[in-house]
Structure formats: structure tokens, C-alpha cells
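Below is one structure, written out as C-alpha cells; the observations come after it.
We did not get these values from a lab; they are worked out from the coordinates using the rules stated. Being a predicted model, the structure only gives us computed values, none of them experimental. Cβ atoms come from the backbone with ideal geometry, glycine included; neighbour counts cover every protein chain shown.
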Amino acid sequence: MKRALVTGSTGFVGANLAAALVEHGIEVVGLRRTTSPEDAVKGLDISFVTGNILYPETLPLAMKDIDWVFHTAAIADYWQVPAETVHRVNVEGTRNVLRAAQQTGVKRVILTSSSAALGISNEDKPLLDEDDQFNLSPHIFPYGYSKHMADQLMIEFARQGVDVLSVLPSAVIGPRDLKFNAGEMIVQALKPTLPKLPLPTGGLNYIDVRDCVDAHIAAAKKGKPGERYLLAGHNMTHREAMDTVNQTLGTSVKIVEVPGWALLPLAGLVWSVRQLGINLPIDCGRVLLSRKFIYYDNDKAVRELGLKTRPFAESVRDTYEWYVQNNYLQKRGIRTTGPSQAEIC
């Protein structure tokens, strides 16, 4: 039986990956900090080892007798964290993991990077793929830059003989999304904060977390060392995504589209407020990028990893039902009365 170590095992992607690995008959060891919540891994048949990717001395023991290391630990809610912390965790933490894997002779490392590492598209190439490189200012998008730097580390260690590759998920949605990343759309549909929900005219790509982790496992089995695989699903405008949420949940939140030019002064205001030390649930880079159509071509992952993507509506429905079953909507002030019914507390 193969043994896999999952860093970030209590997080969104890590917990779903751990569950999928167990279903594939693989023994799972989860790396967790002493402060990590266990809600997302409750009931999973996995063992844990205490460690931290920022403390390299804790990693070799965690990798003892491990075949595959899935490095999913990272800071994803970057707008709430200083840029230097994002760099330290996403770049230096990755370096520590790769170095420990090199020293202990792990058979393969699968790095969970991000589609953000590819930058943004332009009119000449509207669909980004694995050949694209980060093309934004690190100051504007420190998270994407940190993932780009982590990918460069992957390539560097691969050249040194480490069997390592990276997978680059787009915006991930699905069960176990404790921090309401893409799941925030569900909350806004059920309990909108404004009479009309303002949405930029741009768009994103979404992938179901279960399709994402299946591709992680496929990458472990048949991916090529030193390669990057873009795990992307559905290219959708922000309005299309929210319309699907409304149709799936039977909600009727009203939408008003915000033109791109109107976001420039808002981004400046957000930057000024954050410079005063006031914490906001968004940063200027996120505001500016929201007006772009950040779309991807997943052909390489489909061709080489067998990536399959379920309908976006199915992802919305299953995410909602997981929130209901685990009482997460109630924590956001939404009373649920059944698997497909909710009301505001």
C-alpha cells in the first residue's frame, strides 16, 4: 500500500484530497499544526503528524516511509495577510518541503500551485495555459507572484533530480470549503448584503474540488517530472456564475454589473484605507483583477491526466448541501430547514 503525506491536510483542498486518497486505498498521513481546525477532516480514516512547513526540522520525520508528498499547504486568503507572510509560507515553505523530500528520498512530490501563477490573459491570447508566465506586478498581486516563485522552485528542484511536478487549480468550489472562498456566492445568494449585488463585468474559471483532487492523484500516478498541469473547469463571467447559483438554489438575488472603469477609483480607495492600517476583506489588486476575464485552456490536463469536470451547478448544489449538513450556513446567520431550503435568521 502506498503512503501519502498531505501538507495542509485540514484545509479545503487538502481535506478533500485526503478523503479521495483514502477512497483509492492509499494510507494518508496529514501534516497539521497544533492550532489547525479539524472540521474538514472529521470522520476521515487518516493519521496526523504535528509539523509546520515553516519549521524544516519537523518535516523529515513526517516524510519517513512516504511515497508521495502532496504539498497543498499555503495561504490562499492572501488579502487578509501581509505580503511578506504570503511569501514566507508559499515560497519559503515550499522550499522547505522540497528540500526535506530531497533529503528523505520521497518518490514523488505534487505541488499544489495555482492558476494565479500564470498572470492574466490579453487580447492576443484570451485563454491562458501552462506556457504562460506571471505578468503582473508583485505589488498588485503578491499571491500570484508567490505561486509563480513556488513553481520556479519546483522546476529548480526537478533539475536537481527530485521527482516533482505542480498542479495549478483555478478558483475551487465544493464541499469542505470552510472559509467560504467560492462558497461566498452561496451566502450572497441566500443573504445578500445589499438590495442589488454589484458584480464586475469580468470573469473567472471554476473547478470542483473533487475534480481537482482526482487530478492531483492522476498527476501522482502519471504526471511528468518538472511539468505544470493547469486544473481548470468552466470559464464564466461573474454574472453567469451568480445566475447559476440563483437557478440552482432557487434564489433571486438581483445583480447590477459594475463597469471596469468604475473599479479604478474603488481600488485606489481600498489601497488608501489599507495603508492606514484598517483591515478590509479585499485588497486593491483583487478589485482591479475582478474586471478581467481570467480564462484558461485545460487541454493538457485533460489529455495527460484525464481531467474531467462536472457541471458548475452540481458543484453549487453539493457545496450548499455540505454547508447545511454541517451547520455552516447557520454560523453566517442563515437558518436551514431542509437540504434545499434556507431562510434568514
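What to note about this one:
- Within the listed set 333, 93, 226, the Gaussian network model of the chain (springs between alpha-carbon atoms below 10 Å) gives the highest mean-square fluctuation for 333.
- DSSP beta bridges in the chain [antiparallel fraction, %, rounded to 5]: 20 percent
- Peptides 107-116, 238-247 ordered by packing proxy, namely the average of other Cβ atoms within 10 Å per residue, highest first: 107-116, 238-247.
- Cβ crowding within 10 Å ranks 154, 1, 236 as 1, 236, 154, fewest other Cβ atoms first.
- Only lysines eight or more places from residue 179 in sequence, or on another chain, were considered; those with a Cα closer than 26 Å are 42, 147, 191, 196, 254, 292, 308, 331.
- As a rough footprinting exposure proxy, the listed residues 248, 7, 237, 50 were ranked by other beta carbons within 10 Å of their own, and the order from fewest upward is 50, 237, 248, 7.
- Relative contact order of the chain, taken over Cα pairs closer than 8 Å and 6 or more residues apart, is 17 percent.
- Percent of beta bridges antiparallel (DSSP, the range 1-76, rounded to nearest 5): 0 percent
- Length added when fully stretched, residue 179-residue 321, from 0.36 nm per residue minus Cα-Cα: 49.6 nm
- Sum of side-chain charges, residue 14 neighbourhood, beta-carbon under 13 Å (Lys, Arg +1; Asp, Glu -1): +1
- Note on residue 55 and residue 254: with the Förster distance fixed at 41 Å, the Cβ-Cβ geometry gives a FRET efficiency of about 0.25.
- Qualifying GluC sites (Glu not before Pro) in the range 1-58, where qualification requires a DSSP coil assignment and no more than 16 other C-beta atoms within 10 Å, comprise 38.
- Cβ-Cβ FRET estimate between residue 99 and residue 303, R0 fixed at 30 Å, reported to 0.05: 0.40
- Helix 238-249 axis, angle to the chain major axis (alpha carbon atoms, nearest 10°): 90 degrees
- Axis angle, to the nearest 10 degrees, between helix 312-325 and the longest C-alpha principal axis of the chain: 90 degrees.
- Cβ-Cβ FRET estimate between residue 107 and residue 45, R0 fixed at 30 Å, reported to 0.05: 0.85
- Between helix 93-104 and the chain: long-axis angle, C-alpha atoms, 0 to 90°, nearest 10: 20 degrees
- Size descriptor for the range 120-265, Kirkwood hydrodynamic radius: 17.6 Å (Cα pairs only, one decimal).
- Inter-site label distance for residue 292 and residue 125 at 7 Å from Cα along Cβ, in nm: 1.3 nm
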